Amino acid sequence: MGPCGNGGGTYPLFPLGPRLVSREQWSKVAAGGFDGMMAVKVDGTLWGWGSDFYGQLGDGEPAAGIARIPVQIGSELWRHVDVGSTHTVAIQQDGSLWAWGRNSAGELGDGTTVQRAAPVLISSDQWSEVIA
């Protein structure tokens with residue numbers, strides 16, 4: 001489904017070893033249970049690739065399918081990201097908490113069960129870490 005982020009459409013049943021995704025410098029990388037990946041570069045930009053069937057990449061495209069290479073998510077600056085099976089949670093550099101993706105059980109914490117294809121503010125309090 002493209003979780004390697006190197007442009008391939010599939011991956012071998014038995015991986016042949018590490019695959020180079022990018023020569024960029026990254027500060028945080030998170031893998032989801034439904035083949036979605038998110039990462040924060042050292043410059044604070046947020047990138048996603050892999051599965052996006054529930055909007056979990058946060059690129060504003062609901063049920064976009066698969067991103068085969070890393071795509072930048074917005075222009076905001078981020079400090080932390082983590083990925084659940086079908087949703088993503090992240091902290092911007094100002095400490096605010098954001099979430100997006102599938103929300104059928106209220107896992108985003110926004111008080112609804114509405115699926116979100118773009119980051120939605122959950123709390124403007126100061127957060128240091130979050131785990132999906």
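What is the projected area of the convex hull of the Cα atoms of segment 26-123, averaged over all directions, in nm²?
Seen from a random direction, the Cα hull of segment 26-123 projects 5.2 nm² on average.
Give me Arg102, Arg116, Arg68 sorted ascending by neighbouring Cβ count inside 10 Å, so fewest comes first.
The fewest-first ordering by Cβ neighbours comes to Arg68, Arg102, Arg116.
Tally Lys/Arg at +1 and Asp/Glu at -1 over every other residue whose Cβ is under 12 Å from the Cβ of Gly36; what's the total?
Counting the neighbours of Gly36, the net charge comes to -3.
Each value in this text was obtained by applying a stated rule to the coordinates, not by laboratory testing. None of the values given here were measured: they were computed from a predicted structure. Please note: Cβ atoms are built from the backbone with ideal geometry, for glycine as well, and neighbour counts cover all protein chains shown.
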